[in-house]
Amino acid sequence: METELSRQLGIEHAIFGFTPFPAVAAAISRAGGFGVLGAVRYTAPDDLRRDLGWMQEHTGGMPYGLDVVMPAKKVEGVSEADVEAMIPETHRRFVTDTLARHGVPELAEGEASGWRITGWMEQVARSQLDVAFDHPVKLLANALGPPPADVVARAHDRGVLVAALAGSAAHARRHAEAGIDVVVAQGYEAGGHTGEIASMVLTPEVVEAVGPLPVLAAGGIGSGEQIAAGLALGAQGVWLGSLWLTTTEAGLGSRALTAKLLAAGSGDTVRSRALTGKPARQLRTAWTDVWDDPAGPGTLPMPLQGLLVAEAVSRIQRYEVGPLLGTPVGQIVGRMNSERSVREVFDDLTRGFERAVDRINRIAGRSTS
Ligand SMILES: Cc1cc2nc3c(=O)[nH]c(=O)nc-3n(C[C@H](O)[C@H](O)[C@H](O)COP(=O)(O)O)c2cc1C
């Protein structure tokens with residue numbers, strides 16, 4: 001499955017895999033795709049250094065990338081404590097009451113709240129970049145718009161391609177003007193932060209808006225047939241996030257959460273502001289329901305909501321509190337019905353792609369020898 005972009009990066013298949021887990025990212029690259037490690041959970045640069053070092057040793061010499069969450073607009077001199085101070089008491093009480101109603105235990109003393117999304121903060125993302133540029137990362141992706149101009153220039157100086165996610169053609173045009181090299185057109189169905197336009201509509205709109213820049217189709221892809229659809233719509237590859245969550249290499253850290261994902265259908269997700277303050281697709285749970293309920297206090301804007309709920313989410317995950325337990329995931333969760341290795345998932349994708357191409361060739365009256 002070769003395209004101009006896959007040839008440029010030296011990979012066998014134009015399948016890009018976003019994942020927060022180094023073992024999954026490395027396995028994707030080893031399988032012939034392009035693994036992209038999500039950095040948002042790394043608040044300590046040394047942890048990222050350790051894991052990128054590990055990936056370097058476990059990708060079998062194949063290329064890989066890093067995804068940071070860096071807002072294009074710079075917020076100078078604001079610390080996590082300053083942001084914490086902006087959280088209203090009513091919201092703090094709402095979190096405490098919700099957890100108490102579901103009997104969620106406190107974390108034990110000294111047990112740090114592991115789930116923090118402070119990677120969005122300028123200074124954290126910049127410290128991640130310093131580490132990334134010490135490693136042979138081949139692509140740097142950014143979730144919230146194009147990275148700042150100096151970061152794009154720094155990447156280009158080192159021969160690193162820059163990618164950015166876009167939920168509309170207008171976003172994609174702004175990315176192109178900012179000098180990025182690859183646009184990830186991410187549709188409404190996708191896990192994580194999403195816009196309101198479905199992939200079927202979005203991909204060709206973005207291709208038209210930024211061509212000849214390469215576009216990757218993202219959102220709702222979990223089979224080779226869907227990969228073929230993305231390429232037919234003009235994409236030079238696909239970018240998958242949800243599908244890897246139930247692979248054997250993924251470190252979700254909760255059997256109950258894996259079981260919930262395996263059992264969920266495509267209608268069991270919701271686009272909610274409950275986790276970060278921006279609409280992000282995730283499993284629908286009692287937690288998303290209370291935040292989306294008009295009778296509740298409603299969510300706070302990013303980044304306040306993320307800070308407000310960080311410890312609560314850690315507690316829910318630590319004690320596997322069933323009704324509240326969730327994760328970002330896309331509608332493709334309905335196809336994630338068994339735990340398989342990354343290699344098995346990958347082989348299934350490439351076989352399905354070949355089947356789809358054969359079928360289309362037959363329909364078009366071409367031989368498929
Ligand atoms: C658990 C999870 C976490 C995500 N976190 C990020 C992130 O930190 N940065 C980012 O650029 N995209 C993130 N995404 C979105 C993915 O990069 C990708 O665009 C999306 O998963 C594609 O749609 P799919 O879920 O239907 O495969 C996340 C997705 C999931 C499922």
If you take the residues of the stretch 131-173 that are of a type in the set (Lys, Arg) and free of Cβ contacts under 8 Å to residues at least 60 places away in the same chain, which of them is surrounded by the fewest Cβ atoms within 10 Å (Cβ to Cβ)?
ARG158
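Considering only the stretch 231-253, state which residues are aliphatic (A, V, I, L, M), near the ligand (Cβ under 10 Å from one of its atoms) and either more than 16 Å from the chain's Cα centre (by Cα) or assigned to a strand (DSSP E or B) (or both).
Listed by number, the residues that qualify are VAL238, LEU240.
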For the structure I just gave you, tell me whether GLY237 is closer than 13 Å to PRO328 by Cα, touching a residue at least 12 places away in the same chain (Cβ under 8 Å) and surrounded by 19 or more Cβ atoms within 10 Å (Cβ to Cβ).
no
Scanning the stretch 78-102 residue by residue, those among the acidic types (Asp, Glu) and at pLDDT below 95 turn out to be GLU80, ASP82, GLU84
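The values are calculated or read from the model by the stated rules, or taken from the named source; none is laboratory data. Being a predicted model, the structure only gives us computed values, none of them experimental. All Cβ positions, even for glycine, are placed from backbone atoms using ideal geometry, and neighbour counts span all protein chains on display.
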